[in-house]
1. Does any residue in the stretch 284-312 that is in contact (Cβ under 8 Å) with a residue 24 or more places away in the chain and farther than 26 Å from residue 59 by Cβ come within less than 7 Å, Cβ to Cβ, of a residue that is loosely packed, with under 13 Cβ neighbours inside 10 Å and among the charged types (D, E, K, R) six or more places away or on a different chain, and which pairs are these?
2. Pick from the stretch 252-273 the residues that are free of Cβ contacts under 8 Å to residues at least 60 places away in the same chain and touching a strand residue (DSSP E or B) at 6+ places or on another chain (Cβ under 7 Å): which of them is surrounded by the fewest Cβ atoms within 10 Å (Cβ to Cβ)?
3. Inspect all residues belonging to the stretch 85-99 and state whether any of them is assigned to a loop (DSSP other than H, G, I, E, B), at pLDDT 95 or above and more than 12 Å from residue 147 (Cβ to Cβ).
4. Among the helices (runs of 4 or more DSSP H) lying completely within the stretch 103-214, list those that include at least 1 residues that are at pLDDT below 90 and surrounded by fewer than 18 Cβ atoms within 10 Å (Cβ to Cβ).
5. Based on what the data block shows, is residue 309 in a helix (DSSP H, G or I), over 19 Å from residue 169 (Cβ atoms) and of a type in the set (Phe, Trp, Tyr)?
6. Could you count how many residues in the stretch 55-94 are surrounded by 13 or more Cβ atoms within 10 Å (Cβ to Cβ), within 29 Å of residue 287 (Cα to Cα) and not hydrophobic (A, V, I, L, M, F, W, C)?
7. Going through 302, 285 one at a time, which residue ends up being over 30 Å from residue 141 (Cβ atoms), assigned to a helix (DSSP H, G or I) and modelled with pLDDT of 90 or more?
8. Output yes when any residue across the stretch 313-323 is in a helix (DSSP H, G or I), modelled with pLDDT under 95, among the β-branched types (Val, Ile, Thr) and farther than 30 Å from residue 240 by Cβ, and no when none is.
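The values are calculated or read from the model by the stated rules, or taken from the named source; none is laboratory data. Model, not experiment: these values are computed from the prediction. Glycine also receives a Cβ, built like all others from the backbone with ideal geometry; neighbour counts cover every protein chain displayed.
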Amino acid sequence: MDSKKKKALSISEGVDQAPANINPHLKRRKGGAHLRPDDYVQGIRLGNRVVLSQAITLIESKLPEHQALAQQILEACLPYAGNSFRLGITGSPGVGKSTFIERFGLDLLEQNKKITILAIDPSSQLSRGSILGDKTRMEALSRSEDVFIRPTPSGQTLGGVARKTRETIVLCEAAGFDTIIIETVGVGQSEIAVHSMVDFFLLLLLPGGGDELQGIKRGIVEMADMIAVNKADGDRLELARQAKRAYQNALHLFPPKESSWTPPVIMCSGISGMGMSDIIEQLRDFQKITKGNGTFEKKRSDQNKYWLYETIQHRLRQLFYTHPDVKKQLPVVEKAILEGKLSSFRGAEQLLKLFDHKK
């Protein structure tokens with residue numbers, strides 16, 4: 001019998017060589033090392049998405065060598081940043097943020113905008129896993145060459161907002177994106193963190209009126225530059241009208257903003273597209289008013305100051321918990337506190353003295 005007929009399996013010869021680099025213009029260094037800082041900056045300035053993604057990954061990395069390289073890239077990109085409009089969008093889960101953003105983004109694309117969407121995904125506090133499904137939920141937007149979507153797991157950071165989001169904004173602006181949208185998970189204190197890095201804060205709410213208004217935190221409504229009643233379509237249209245009146249009445253209870261901007265309440269639908277043009281027009285008016293009276297730049301300066309102190313606090317926490325003496329003594333102090341042998345205040349004082357001890 002022919003030997004070929006005896007074989008139940010056949011082996012493919014395969015390809016002669018490995019596939020070419022996904023980006024032929026991206027030169028790899030020997031040993032798989034990272035690019036030089038100026039290579040990253042050049043790639044980012046040219047709008048190279050591969051390089052931009054790699055640079056953001058460095059920013060998000062906890063490795064010291066990655067953090068050092070990321071800081072060099074950020075410093076070099078700063079002169080090319082700051083020319084975008086930064087929009088924060090928040091709302092409780094189920095309000096339709098992703099559907100809204102996709103429809104809103106498609107309308108912006110018609111006006112020749114280049115959009116970055118930084119979607120903060122909720123991470124599991126047990127497995128540390130995250131969904132990272134925004135590219136799936138925003139399928140139409142993700143196909144556009146003028147849209148860059150970067151989902152980021154929130155981890156244990158403030159209210160679910162990734163700590164490195166602000167640095168990512170700088171890189172995306174340097175890459176030429178003129179509209180930066182930050183979507184929050186809509187829980188905890190995430191709104192405070194997002195508000196500290198955007199020019200305009202949009203709060204999405206569902207139709208429901210007075211009853212739902214009772215459940216909204218005063219601070220979140222007070223931060224909002226606009227309230228949009230989403231899902232104002234079909235049987236919920238009349239409910240949306242009632243909600244709009246209720247929210248308008250509620251906003252009159254808040255003091256006027258320093259920017260002289262009066263937050264509007266608009267009905268919209270991420271499905272039908274109703275209200276999107278009104279929202280875009282309001283954003284134009286906001287920029288015209290705040291840039292005209294100087295509050296636009298003042299807000300950004302105040303945010304820079306805020307992030308100075310936030311970065312210092314974060315770095316001090318890192319230094320404290322990685323201090324060898326503190327790491328060694330922390331479990332001992334914690335055990336003594338749990339057994340009632342030591343007060344929390346005395347334990348903290350002991351650890352801080354170890355940290356502050358000058359050898």
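1. Going by the 7 Å Cβ cut-off, the qualifying pairs are 295/258.
2. Applying the filter and picking the extreme gives 264.
3. Applying the first criterion (assigned to a loop (DSSP other than H, G, I, E, B)) to the stretch 85-99 yields 91-96.
Add one more test, that the residue is at pLDDT 95 or above, and what stays is none.
No, because not a single residue in the stretch 85-99 is assigned to a loop (DSSP other than H, G, I, E, B), at pLDDT 95 or above and more than 12 Å from residue 147 (Cβ to Cβ).
4. Values: elements: 134-137, 139-142, 165-174, 190-195, 210-213.
Of the helices (runs of 4 or more DSSP H) lying wholly inside the stretch 103-214, those with at least 1 residues that are at pLDDT below 90 and surrounded by fewer than 18 Cβ atoms within 10 Å (Cβ to Cβ) span 134-137, 139-142, 190-195, 210-213.
5. Numbers: in a helix (DSSP H, G or I): yes; over 19 Å from residue 169 (Cβ atoms): no; of a type in the set (Phe, Trp, Tyr): yes.
Answer is no for this residue.
6. So the count comes out to 8.
7. Numbers: 285 fails: over 30 Å from residue 141 (Cβ atoms).
It is 302.
8. Looking for residues that are in a helix (DSSP H, G or I), modelled with pLDDT under 95, among the β-branched types (Val, Ile, Thr) and farther than 30 Å from residue 240 by Cβ, one finds at least one in the stretch 313-323, hence yes.
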